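Here the structure comes first, spelled out in structure tokens, and everything after it is commentary.
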Amino acid sequence: MENNIIVGNLKAFLDHDELSHWIKTFVRKAGQSAGSYNLHNKTIIICPPDSHLQFFYDTLMPAHLGDRVAIGAQDVSALTEGAHTGEIMAQTVSQWARYTLIGHHERRVAGDTPQTIQEKLTQALAASLKPIVCLE
């Protein structure tokens with residue numbers, strides 16, 4: 001049977017306390033021996049806001065869920081390192097995430113072009129991130 005991939009993009013609707021409750025509940029249910037969630041043949045990729053990547057990493061890693069659950073970034077910069085206020089570099093993201101969304105509709109509406117998406121893809125691959133390219 002093929003492995004199913006489920007990606008959860010948590011957007012930016014929840015504050016820190018709500019995100020904390022969400023991830024702790026997820027870890028508890030995913031780690032139960034009977035498994036409230038059936039993770040057999042599934043990979044779940046959770047994409048929290050950038051400001052919570054390390055928090056999610058620090059919460060998920062001790063849970064020992066293995067390769068069944070991974071962290072993804074919601075986006076990465078098309079730029080290389082430098083003075084780019086507000087951008088998050090792929091290399092920084094790779095400390096906590098294995099995946100990144102690229103080309104999400106909301107980013108396209110905000111101005112991402114096919115060229116920008118290609119540059120983000122290049123940066124993600126250079127940082128050993130697995131890109132999840134969103135198609136329109």
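So here's what we get for this one:
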read-out	value
Evaluation of Met89 against (1) at pLDDT below 90; (2) aliphatic (A, V, I, L, M); (3) open to solvent by less than 60 Å² (accessible area, probe 1.4 Å); (4) under 20 Å from Gln123 (Cα atoms) (one fails), failing number	(1)
Index of the failed condition, Ala97 passing every other in (1) modelled with pLDDT of 95 or more; (2) open to solvent by 50 Å² or more (accessible area, probe 1.4 Å); (3) in a loop (DSSP other than H, G, I, E, B)	(2)
Cross-chain or 6+ apart pairs with Cβ under 9 Å, region 76-103 first and on the phi > 0 side of the Ramachandran plot, then assigned to a strand (DSSP E or B) and not hydrophobic (A, V, I, L, M, F, W, C)	Gly103/Pro131
Test: residue in region 111-127 that is closer than 23 Å to Arg68 by Cα and either of a type in the set (S, T, N, Q) or open to solvent by 30 Å² or more (accessible area, probe 1.4 Å) (or both)	yes
Filter result for Ser51 (open to solvent by 80 Å² or more (accessible area, probe 1.4 Å), out of contact with any strand residue (DSSP E or B) (no Cβ under 6 Å at 6 or more places or on another chain) and modelled with pLDDT of 90 or more)	yes
Single residue of region 62-86 satisfying the filter (aliphatic (A, V, I, L, M) and outside any strand (DSSP E or B)) that is surrounded by the fewest Cβ atoms within 10 Å (Cβ to Cβ)	Ala83
Residue in region 1-14 that is farthest from Lys130 (Cα to Cα), counting only those that are outside any strand (DSSP E or B) and open to solvent by 80 Å² or more (accessible area, probe 1.4 Å)	Phe13
Pairs, first aromatic (Phe, Trp, Tyr) and surrounded by fewer than 16 Cβ atoms within 10 Å (Cβ to Cβ) in region 18-40, second assigned to a helix (DSSP H, G or I) and at pLDDT below 75, C-beta under 9 Å, six or more apart	none
His84 vs. criteria at pLDDT below 95, touching a Cys at 6+ places or on another chain (Cβ under 6 Å) and either of a type in the set (Ser, Thr, Tyr) or closer than 20 Å to Ala127 by Cα (or both)	no
Top-ranked residue in region 103-136 [being assigned to a loop (DSSP other than H, G, I, E, B) and under 22 Å from Ile44 (Cβ atoms); ranked as farthest from the chain's Cα centre (by Cα)]	Leu135
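The values are calculated or read from the model by the stated rules, or taken from the named source; none is laboratory data. Computed from a predicted model, the values in this text were never measured in an experiment. Every residue, glycine among them, receives a Cβ derived from its backbone with ideal geometry; neighbour counts consider all protein chains shown. These accessible areas exclude ligands, DNA and RNA; they are computed on the full protein's heavy atoms, side chains included. Shrake-Rupley method; radii C 1.70, N 1.55, O 1.52, S 1.80 Å.
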